[in-house]
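> Quick one: the structure is below, questions incoming.
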Amino acid sequence: MILNARCEMTVETTVPAATVMMIEPMSGPAQEILRSSVSLDPMTTHVKTIDVFGNACQRVILPAGITVIRAEVTANVPDVIDVNYAAPFTPVQDLPDNVLHYLLPSRYCQCDLLLGMATQIIGNTPPGYGQAEAIRNWIHHNIAYQYGSSGPSTTAMDTANSRQGVCRDYAHLGIALCRAVRIPARMVSGYLYQLDPMDLHAWFEAFIGGRWYTMDATQSQPRGNRIILAYGRDAVDTAQLSEYGDLVMKGMHVQVDAAP
């Protein structure tokens, strides 16, 4: 399907603030970007760069006052995501060098503290895709989706204890549990067609059988039609705005439609 997606953010700062924006997707194995643009009002010069995870970023110094940031994209994306219960576990010694760091604990994903929980969840499931799916399925059925139940500092351990959260928390817990049983996992942020209520979305990917597979614990069934904005170890690496000042988010509107 070809999707049109749009995100508009209104931010305010009292003094000029250095900011890194991550709101422009790139073409890759999971998507073909047909058109993409980023604009600021008032017009402000921004410079594109690529971060260490391969994400497109724009560096900008936002002026004091209110700025409206608009990102628009048209993308060709698959209608379904791959599911492969036969995908085997990849031993650590066989992992590509650029995947190894997705086994390590990170700020929001304390995998070193969740081995016991992960072991209970996977039970006797054979190593590989089935274990990652068992983790995704457990989160879907045991963590309550509750707006306002978490915040910017909520970690995977917090979610495991409270048993509630939002998409970001579901992803962090899935990542941490997968890493605990030596399955590399990474955070993904982006758009999901027909998400209800509509907003930017977060999910995770697990590296199994030599490739990445999409895992989304907020959904009852595998769903495609996603536009990926960023990959990273956790939400620290995939934030749409990383501000180095007193920037305040005043409002955000997200829209995703099927192209005519």
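> Scan the range 169-202 residue by residue and report those that are surrounded by 22 or more Cβ atoms within 10 Å (Cβ to Cβ) and either polar (S, T, N, Q) or closer than 17 Å to residue 142 by Cβ (or both).
Those that are surrounded by 22 or more Cβ atoms within 10 Å (Cβ to Cβ) and either polar (S, T, N, Q) or closer than 17 Å to residue 142 by Cβ (or both): 169, 170, 171, 172, 173, 174, 175, 176, 177, 178, 180, 189.
> Something else about it: In the range 147-168, what residues are more than 18 Å from the chain's Cα centre (by Cα) and either at pLDDT below 95 or buried (at least 24 other Cβ atoms within 10 Å of the Cβ) (or both)?
Once the filter is applied, which keeps residues that are more than 18 Å from the chain's Cα centre (by Cα) and either at pLDDT below 95 or buried (at least 24 other Cβ atoms within 10 Å of the Cβ) (or both), the range 147-168 yields 148, 149.
> If the requirement is being modelled with pLDDT under 95 and surrounded by 19 or more Cβ atoms within 10 Å (Cβ to Cβ), which of these qualifies: 75, 30, 71?
30
> Within the range 78-88, can one find any residue that is crowded, with 17+ Cβ neighbours inside 10 Å and closer than 14 Å to residue 228 by Cα?
Yes: one or more hits.
> Considering only the range 159-175, state which residues are out of contact with any helix residue (DSSP H, G or I) (no Cβ under 8 Å at 6 or more places or on another chain) and farther than 16 Å from residue 200 by Cα.
161, 162, 164
Per-residue answers, yes or no, for (1) assigned by TED's automatic domain parsing to the domain that holds residue 178; (2) modelled with pLDDT of 95 or more; (3) not small (Gly, Ala, Ser):
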site	(1), (2), (3)
36	no, yes, no
39	no, yes, no
49	no, yes, yes
53	no, yes, yes
59	no, yes, yes
102	yes, yes, yes
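> Further, regarding this structure: Residues being of a type in the set (D, E, K, R) and either touching a Lys or Arg at 6+ places or on another chain (Cβ under 7 Å) or surrounded by fewer than 17 Cβ atoms within 10 Å (Cβ to Cβ) (or both): count how many of those fall in the range 218-248.
Of the residues in that region, 3 qualify.
The values are calculated or read from the model by the stated rules, or taken from the named source; none is laboratory data. All of these numbers come straight from a predicted model, not from anything done at the bench. No Cβ is skipped: glycine too gets one built from the backbone with ideal geometry, and neighbour counts run over all protein chains shown.
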